[in-house]
Amino acid sequence: MKNPKYEAVKKNLTRQPKTWLVTGCAGFIGSHLVEHLLLLGQRVVGLDNLATGSQKNLNLVRRSVGEKAWKRFRFIRGDITRLNDCYKALGLRPPPSAIRPQKGKKVRAKSLIDIILHQAGLGSVPRSIQDPLRTHATNVTGTLNLLVVARSAGVKRFVYAASSSTYGDSRDLPKREEKIGEALSPYAVSKHADELYAKVFGRCYGMETFGLRYFNVFGPRQDPKGAYAAVIPRWIGETLTGRRNVIYGDGKTSRDFCHVENVVQANLLAATVKNPSACNQIYNVACGQATTLRDLHSGIRGSFEKSCSGHKISRPRHHPFRQGDVRHSLASIAKARRLLGFRPTVLICEGLEKTVSWHLL
């Protein structure tokens, strides 16, 4: 299944390459963006502190795209919480004061970067509850740093990773961008703050910002280990090592799971859309389909049976609901369809098969 709008965007980019900054480039989503951009003939600068991303992801991208394309990639190990690292990523020397330039000194300089895809951040609701200060520093201060530097450098197009956690305790289904509830975690607060800052920078400085509220993204290269691993890679990793999966709650909790290829599509559409009405907006990025954890487990079991006959998966264990978790999540993607031309091309069943097959390699 292909999206004609997206196919046209890819062709145009191939004919007229741009220079992109991808923050969080060694992470799960960031590395997929780097890979797709390099395969389209783009020039890419990547910024990552390797706190949650990994060099292994970049090595896999290098192998995928080949040495010729890899030469168009420049990696900078740095942290978005450090303003100087943000300037370095944009190829600029930091001025004496990024926010209040000294009198008589011109600090605005033209960056070689055309578009910023800001994916760097510290995810996980449980982690934010345990360490809210670190979550705030990375997600809020880091994003503000990057916005300040982008403004100073004259980079107008700023696409950033928002989150479905912003909907909080809202019971409305499907979730629509214009209505959110009360935040349920420090992580949710931090991602909402990013949206507010981006909107203000669009209004005050003429930037073109696009917030993409991701809904439960999954796919190859997503880390299956650690206390804060997302449910799909964690269950796949546990299955491969013969451990029983854990469902928090009764299994009827539902999510709108979205394969990473759809996320790449949304980023590239937002980065290139010409309609002024599409700018300085928030968009849901999902498939518009709800899947319960019980059905998800069945889907993963079916994907294993299809890819690896004879592989047995034990029945899951049930633990109590986790603090801060939302009961149901389902996105309306009507706005992204209308203004960006977004059409999910990889739905849950195909996505699970692709992801399980990758983990079995």
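The values are calculated or read from the model by the stated rules, or taken from the named source; none is laboratory data. The structure displayed is predicted, hence computed values, not measured ones. Glycine also receives a Cβ, built like all others from the backbone with ideal geometry; neighbour counts cover every protein chain displayed. Side chains are part of the model used for accessible areas, which takes the heavy atoms of the whole protein and leaves out ligands, DNA and RNA. Shrake-Rupley method; radii C 1.70, N 1.55, O 1.52, S 1.80 Å.
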Pairing a residue in the stretch 145-158 that is open to solvent by 10 Å² or more (accessible area, probe 1.4 Å) and of a type outside the set (Ser, Thr, Tyr) with any residue that is modelled with pLDDT of 95 or more and in a strand (DSSP E or B), where Cβ atoms lie under 6 Å and the two sit 6 or more apart in sequence or on different chains, gives Lys156/Glu208; Arg157/Ile115; Arg157/Glu208
When the stretch 304-347 is checked residue by residue, the ones that are closer than 28 Å to Leu269 by Cβ, modelled with pLDDT under 95 and not in a loop (DSSP other than H, G, I, E, B) are His328
Q. Before we move on, is Leu13 hydrophobic (A, V, I, L, M, F, W, C) and under 19 Å from the mean Cα position of the chain (by Cα)?
A. no
Apart from one, (1) in a helix (DSSP H, G or I); (2) among the β-branched types (Val, Ile, Thr); (3) in contact with a helix residue (DSSP H, G or I) (Cβ under 6 Å, 6 or more places away or on another chain); (4) closer than 22 Å to Thr272 by Cα all hold for Val44; the odd one out is (1)
Result of the Cβ filter at 7 Å on the stretch 274-291, keeping first residues that are under 17 Å from Glu350 (Cα atoms) and partners that are open to solvent by 10 Å² or more (accessible area, probe 1.4 Å) and among the aliphatic types (A, V, I, L, M), at least 6 apart or interchain, is Ala286/Ile333; Cys287/Leu347; Cys287/Ile348; Gly288/Ile333; Gln289/Leu347; Gln289/Ile348; Ala290/Leu330; Thr291/Ile348
Within the stretch 173-222, residues of a type in the set (Gly, Ala, Ser), within 24 Å of Ala278 (Cα to Cα) and assigned to a loop (DSSP other than H, G, I, E, B) come out as Gly181, Gly206
Restricting the stretch 159-186 to residues that are touching a helix residue (DSSP H, G or I) at 6+ places or on another chain (Cβ under 6 Å), under 26 Å from Ala271 (Cβ atoms) and among the polar types (S, T, N, Q), the one modelled with the lowest pLDDT turns out to be Ser165
Checked the stretch 62-85 for anything closer than 13 Å to Gly24 by Cβ and touching a helix residue (DSSP H, G or I) at 6+ places or on another chain (Cβ under 8 Å); matches are Phe75, Ile76, Gly78, Asp79, Ile80, Thr81
Quick count over the stretch 217-230, residues being surrounded by 20 or more Cβ atoms within 10 Å (Cβ to Cβ) and in contact with a strand residue (DSSP E or B) (Cβ under 8 Å, 6 or more places away or on another chain), is 3
Of Leu58, Leu47, Leu39, Leu33, the only residue that is free of Cβ contacts under 8 Å to residues at least 40 places away in the same chain, under 23 Å from Ala270 (Cα atoms) and either open to solvent by 10 Å² or more (accessible area, probe 1.4 Å) or out of contact with any Pro (no Cβ under 9 Å at 6 or more places or on another chain) (or both) is Leu39
Across (1) more than 18 Å from the chain's Cα centre (by Cα); (2) open to solvent by 10 Å² or more (accessible area, probe 1.4 Å); (3) closer than 17 Å to Thr143 by Cα, Trp70 clears everything bar (3)
Going through (1) among the hydroxyl-bearing types (Ser, Thr, Tyr); (2) more than 21 Å from the chain's Cα centre (by Cα); (3) assigned to a helix (DSSP H, G or I) one by one, Ser170 fails only at (3)
Those residues of the stretch 305-361 that are closer than 24 Å to Thr166 by Cα, in contact (Cβ under 8 Å) with a residue 12 or more places away in the chain and open to solvent by 80 Å² or more (accessible area, probe 1.4 Å) come to a total of 6
